[in-house]
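The numbers here are math on the coordinates, done by the rules we state, and not lab data. What you see is a predicted model; the values in this text were computed from it and never measured. Note that we place each Cβ from the backbone using ideal geometry, even for glycine, and neighbour counts take in every protein chain shown.
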Amino acid sequence: MESPATAPVSGDEYGLADDTQSRAIRSIAGDVTLAAGGVVSTDKTMVVDVNPRPTVGPTTAQPLLNGTGGSTPAQDAAAPAAAAPAAAGSPPAPAPAKTRPRRRGFKARLAYLIQAWSVSLVVHVAILSALAAATFSSQDSLKKMINFDSALASYHSGEQELLPIYADPDNSPRDRAIGDENAAKAGEPAPTAAGDEGDDDGGGMVASAGMTGRPTATPRIRGAAKGRINEGTSLPGVKIDGLTSSPLSLLPAAPAADLSGGGKISGDPVFDVKEIGAALDQLAREILRHLRDHKLTVVWLFDESQSMEDDKRSIQEKFDRVSSELKVNVDNDKKSAGALNHAIVGFGQGIDYALEKPRDDIEQIGRAIKRLRIDSTGIENTMHAVREVVEHYSGLIRKDRKLLIVLVTDESGDDGADLEEARQALKKHKIPLYVIGRQSLFGYPFAHHRYIDPVTKDVYHPLIRRGPETADLEIYQWDGLYDRWDEQPSGFAPYELARLTQDSGGIYFVLPSEEFMRVRKREQAYSITQLKEYMPEYDNRLVYSEKRKSSQMRTVMHAVVQESRSLIYRRDFPIATDELAKAAMEEGAKAGVKLNLLLGLQTRLESLQKIRDREPEKRWQAHYDLMLAQTVAFQVKAYEYRALMASIAKKPPLPKRQPGANMVITWVVDHSKQPWAPKDITAKKYAEAERMLKAVIAKHPKTPWADLAQDTLDRGFSVVLNEWHHNPKYYERAKYVPLY
């Protein structure tokens with residue numbers, strides 16, 4: 001009878017022949033002995049100790065290795081005898097209860113384990129050596145890596161969200177311009193310039209002017225070309241040396257790409273600052289950051305328009321914040337004297353080189369800023385100026401010197417059609433563009449200045465172009481009566497300049513401070529944390545147009561914006577009663593037609609409600625919500641305008657004063673909260689418009705959409721007739737109004 005503590009294991013259960021079976025069982029038994037402290041008999045029975053000795057890692061295996069826990073010589077000699085077969089006819093001898101595994105099998109296994117451990121040791125040593133070699137690479141290689149300290153630094157309330165990186169539209173034609181404010185559609189694309197080149201892919205040397213195709217590894221020699229500044233003829237061949245540290249330079253850098261990145265890391269098109277001094281402080285940090293790796297030439301490009309006088313004066317007053325910081329951080333010995341220098345350039349319709357040859361004398365730079373002239377043409381060719389400056393100073397760019405452009409302007413420029421050429425020039429030479437400017441108007445191109453004629457005292461409102469923040473118009477361009485005058489800020493940079501700063505690896509500093517000449521001083525700082533879900537798309541205009549066409553909702557909304565241009569009402573009316581009555585009857589009939597058109601627009605927009613809920617971009621959701629609410633509010637305006645015209649036609653009003661030789665009186669229709677239409681007709685529309693506008697404010701709080709909805713509520717849904725007094729030479733003297 002077998003012991004309860006043992007169990008026979010037949011060879012058939014393992015599918016082995018007798019000899020193979022015996023060896024396998026012995027091997028298994030040996031493993032059990034090593035692992036669990038068990039013993040194995042010499043017959044075909046595996047025996048496991050029911051009370052095995054506890055094992056703790058390598059401690060139990062140690063006695064087998066040093067011989068203190070192994071079998072004695074006597075036991076080794078007795079083992080073969082115990083395993084010999086019994087004589088024929090004799091009863092089988094009982095098997096011993098316990099026996100030790102043979103040392104010969106253990107030694108064989110030990111030799112096998114030693115070989116395996118040796119191979120593993122060699123492999124691990126090789127891997128660790130390779131990792132060590134990679135860790136201690138040369139400093140030159142490390143310098144080529146991305147500057148994560150600057151690219152990922154937190155700056156907006158401790159939170160930074162990297163902007164998406166767009167693929168370069170190589171060989172794409174120029175984008176479309178928005179065109180004239182009264183144009184029915186965007187202008188046709190201009191032909192591509194003969195010398196256009198594709199974007200550099202960030203590798204190799206920078207291609208020289210006139211070369212085509214991708215750059216090669218062959219270095220180029222820059223000569224002194226006519227009309228270009230060249231380092232070989234204007235700058236000493238010195239290296240950066242003796243840069244010191246300062247508290248300002250230790251502050252986090254803005255998330256712009258390092259110059260060596262060639263704009264492959266997106267720049268920051270929205271860096272909100274409270275005033276110009278804060279922008280200059282951050283700009284000094286950026287300059288010092290670039291100086292850590294190479295010499296630097298900074299070209300200051302100033303808008304010379306009349307509207308820039310207040311901003312230019314503020315920069316002159318606070319430029320010492322940059323100059324003093326740079327004085328502290330750049331050593332004055334002869335080796336580092338040429339590490340940082342500056343050039344001053346102005347622009348308007350043309351280019352004005354106030355300090356053409358770069359200098360390192362900060363006082364001289366300040367005097368050059370004061371010498372900038374005022375361009376009276378009112379034309380700001382911003383894209384042309386950027387491209388011209390790049391070509392003029394590109395000869396300075398070498399392996400150890402880079403170029404940086406600081407653009408100071410309060411407008412988006414009048415040559416937006418040339419955007420892609422300016423962008424190609426910046427990317428070709430890997431030049432970051434930093435802009436100190438104003439935020440764009442929300443969805444509208446023009447802001448208004450206030451000018452008082454010194455002779456007649458009449459008030460004029462010349463236009464300046466400052467928007468929109470998008471590649472094309474996305475919301476209504478009228479306020480229910482006329483062209484928009486709300487001047488609602490968008491919180492974002494104008495589209496053209498935002499695209500240049502993002503793709504070049506620069507920064508757009510958004511200044512929210514008030515301007516002394518604006519009609520409506522509504523500048524305010526929006527939180528970029530709040531607006532990050534509403535970011536515009538900075539693709540080129542052709543790509544933008546294709547994306548819009550692929551969306552049914554965006555296509556319909558764009559069509560509605562274009563169709564609404566025909567809904568502008570008549571504003572000026574004569575004071576002669578018979579002429580006034582006739583004009584009022586005609587305009588009242590037109591108001592009825594416009595009301596029916598608005599009702600049709602509401603039906604078209606409401607049919608998109610399900611698509612709106614699936615729209616992935618929150619910006620377009622907000623556009624839809626605001627446009628639908630305004631459509632209903634403007635229907636109320638149509639009811640009220642029609643009722644006002646009916647009242648005028650029935651009983652023409654008389655002005656409070658009579659016109660004279662030096663005064664002309666004209667009736668004008670303005671916004672109002674005073675109702676004219678019967679309440680039983682408009683009550684439901686009033687309630688619907690108010691409810692929908694308040695819903696926009698609730699869905700999109702602290703955004704331009706909410707503020708424009710509130711503005712629509714505040715100015716009222718009705719209209720009123722007012723008197724406008726002006727000089728008889730009002731239109732004649734308009735030619736003397738300065739252009740901004």
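In the structure shown, the pairs Lys637/Lys684; Lys312/Lys402; Lys582/Lys684 are assessed against 20 Å; a Cα-Cα span above that value is assigned to Lys312/Lys402; Lys582/Lys684. For the pair Tyr353 and Lys684, the difference between a 0.36 nm per residue extended length and the Cα-Cα distance amounts to 112.9 nm.
Using the Karplus relation 6.51 cos²θ - 1.76 cosθ + 1.60 with θ = phi - 60°, the per-residue 3J(HN,Hα) values for region 667-683 come to 7, 9, 9, 10, 5, 7, 9, 6, x, 10, 6, x, 5, 5, 8, 9, 4 Hz, with x marking Gly and Pro.
Taking Lys and Arg as +1 and Asp and Glu as -1, the other residues whose beta-carbon sits under 15 Å from that of Gly592 total +3. Our estimate of slack between Lys650 and Val455, defined as 0.36 nm per intervening residue step minus the Cα-Cα distance, is 66.3 nm.
Each of Arg657, Arg387, Arg465, Arg733 was scored by other Cβ atoms within 10 Å of its Cβ. Arranged with the fewest first, they read Arg657, Arg733, Arg387, Arg465. About its Cα centre, region 619-733 has a charge dipole of approximately 180 debye under the convention of +1 per Lys or Arg Cβ and -1 per Asp or Glu Cβ, with nothing else charged. Net charge of the neighbourhood of Arg373, taken over other residues with C-beta under 15 Å away and scored Lys/Arg +1, Asp/Glu -1, is -2.
Using C-alpha pairs below 8 Å separated by at least 6 residues, the relative contact order for region 546-736 is 27 percent.
Quote the FRET efficiency, to the nearest 0.05, computed for Gln316 versus Gln710 with a Förster distance R0 of 35 Å and r equal to the Cβ-Cβ distance. Efficiency computed from Cβ-Cβ geometry: 0.40. Over all directions, the projected convex hull of the C-alpha atoms in region 546-736 averages 14.0 nm² in area.
Its Cα centre serving as origin, region 435-506 has a Cβ charge dipole (Lys and Arg +1, Asp and Glu -1) of approximately 260 debye. Based on the convex hull around the alpha carbon atoms, region 423-482 presents an average projected area of 7.0 nm². Within region 637-665, what residues put their amide N at less than 17 Å from the label point 7 Å along the Cα-to-Cβ vector of Leu599? Those under the cut-off are 637-643. The alpha carbon radius of gyration of region 464-504, expressed as a multiple of 2.2 N^0.38 Å, is 1.33.
In region 406-547, the convex hull through the Cα atoms has an average projected area of 10.3 nm², a quarter of its surface area. Subtracting the Cα-Cα distance of Glu586 and Lys549 from their residue separation scaled by 0.36 nm leaves 9.5 nm.
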